[in-house]
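Structure, as structure tokens:
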Amino acid sequence: MSIILADLFYATKNTYQLQLVAGAAGLSTAIDWVQFTEDIATTSFLKGGELIITTGMSADSNSWLDDFITRLIDQKTAGLIINTGHYLFEEAISEALITLCNRHQFPLFTMPWKIHLATIMQDYCNRIFTQSYQQDRTTMAFQRLLLHPDDPETSLDTLTSLGYETDLPYLVLVCQGSAVPARLVQQFSTIGTRTYHLRLREADLVIFQNPSLSALDQAISSFDGLALPQPKAPLYFGSGDPAASLVTLHHSYQQALFALKVAQAQQRRYLNFNDLGLFKLFFAVPDKAVLAALANDSLSLLAAHNQKGQSPLIDTLRLYLEHDGSIQAVAEAAFSHRNTINYRMKKIRQLLNIDLITPEEKFKLQLAFLIKDYLEL
């Protein structure tokens, strides 16, 4: 992931005598680049995510700094370091300006004039380059490990060199929909001893080392309570069971993809693979034709009856099983008369040649419906 402003600040604040004046709530912002800027007119060229450094050499009025910072906030930059002591002094930072930065969570720093700009900029740019290089290596290694698990040696060597221990438990979380909000990503960073976020096949992945499943559940369950803008598309999450090591991480990934698919089908925010009940057993069957044949043994006669345009016996049977054989409950759920439901159930017993009394008979049909649901995912 990108270098975080807080990490950069705490690692270098003594070296460069940095003082955080305002906007502490924005320290979790990721930095894409460091930019030296003096002219308000050039701020329109900023792309966002830059940490800005200025001396205030172009300041031509008492309101210049206020206008400058307002423009930087509008351009979604990561923060501002003011090199004070020559053109601008700390007294130029008014209470109103501090309030503005705090309200927009825009970090504002001061740095004394004796610090050479070239030194801090070279240092910060080198750190960003190093972080970017390590991120590229990490992303490529995890992608190879997840997509080509039969040839893990190169990926494992790379990840080991980057500090990932092979024999610790790892878990994969997959998210699809809109981008994962930054505040939720920040919560994810506390769930394991190490966390890595990447994109793979149009989905967001989070890989947790030594994950806490209860903390993950809590983080996602609190998602709807966060004061965040509504995403353009619903966010759904699926996670696999923890893999025993990096070597088997692809199992957690495949399980997470399947849990996500079920969550989307059931419109549930989050599902862990362990929440899927008998679906876990079906997932382990490599030949889906075996499952289809098992379901057809129980339901094919009713399906054929439905295809002839006659009464919906399959739907009636499903409701009958879901409501534990209560004709009244089935009639209410199907918006039908009790006599209609009794007629359909009689027809079902005749077609299937069963009484629908024993637990074995009911379980076989319930299993067939579960398989049918699984195969339709």
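Values computed for the structure shown
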{"read-out": "Equivalent ellipsoid semi-axes, region 305-377, via Cα gyration tensor eigenvalues times 5, rooted, Å", "value": "18, 15, 13"}
{"read-out": "Quarter of the Cα convex hull surface for region 1-119, i.e. its orientation-mean projected area (nm²)", "value": "6.8 nm²"}
{"read-out": "Placed amide H near Tyr270: partners under 5 Å, 5+ positions off or other chain", "value": "Phe237"}
{"read-out": "For region 123-281, fraction of C-alpha pairs farther apart than 29 Å, in %", "value": "17 percent"}
{"read-out": "Amide H contacts of Val21 (H built 1.01 Å from N, under 5 Å, at least 5 apart or other chain)", "value": "Leu108, Phe109, Thr110"}
{"read-out": "Accessible-area composition of region 201-304, carbon plus sulfur, in percent [1.4 Å probe]", "value": "55 percent"}
{"read-out": "Nearby lysines by direct alpha-carbon distance to Lys372 (threshold 21 angstrom, same-chain neighbours under 8 apart not counted)", "value": "Lys261, Lys280, Lys288, Lys308, Lys362, Lys364"}
{"read-out": "More than 34 Å apart - percent of Cα-Cα pairs taken over the chain", "value": "50 percent"}
{"read-out": "Magnitude of the charge dipole, the chain, Cβ model with Lys/Arg +1 and Asp/Glu -1, debye to 20", "value": "1400 debye"}
{"read-out": "Restricting region 87-153 to trypsin sites (Lys or Arg not before Pro) in coil, as DSSP defines it, with at most 12 other Cβ within 10 Å", "value": "Lys114"}
{"read-out": "Carbon plus sulfur fraction of accessible area for region 30-176, probe 1.4 Å, in percent", "value": "50 percent"}
{"read-out": "Karplus (6.51, -1.76, 1.60) ³J(HN,Hα), θ = phi - 60°, over region 41-50, in Hz, Gly and Pro reported as x", "value": "5, 8, 5, 5, 7, 5, 9, x, x, 7"}
{"read-out": "Region 1-75, relative contact order [Cα under 8 Å, separation at least 6], %", "value": "27 percent"}
{"read-out": "Quotient of Cα Rg and 2.2 N^0.38 Å for region 85-193, N being how many residues it contains", "value": "1.61"}
{"read-out": "Solvent-free Debye scattering, log10 I(q)/I(0), computed from the Cα coordinates of region 136-220 at q = 0.16 Å⁻¹", "value": "-0.63"}
{"read-out": "Qualifying lysines (Cα of each under 24 Å from Cα of Lys47; at least 8 residues distant if same chain)", "value": "Lys76, Lys232"}
{"read-out": "Dipole magnitude of region 116-156 about its Cα centre (Cβ charges: Lys, Arg +1; Asp, Glu -1), debye to nearest 20", "value": "200 debye"}
{"read-out": "Residues of region 20-66: accessible area per residue with a 1.4 Å probe, Å²", "value": "46 Å²"}
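The values are calculated or read from the model by the stated rules, or taken from the named source; none is laboratory data. Computed from a prediction, not measured in an experiment: that's the story for all the values here. No Cβ is skipped: glycine too gets one built from the backbone with ideal geometry, and neighbour counts run over all protein chains shown. Heavy atoms of the whole protein, side chains included, go into the accessibility calculation; ligands, DNA and RNA do not. Shrake-Rupley method; radii C 1.70, N 1.55, O 1.52, S 1.80 Å.
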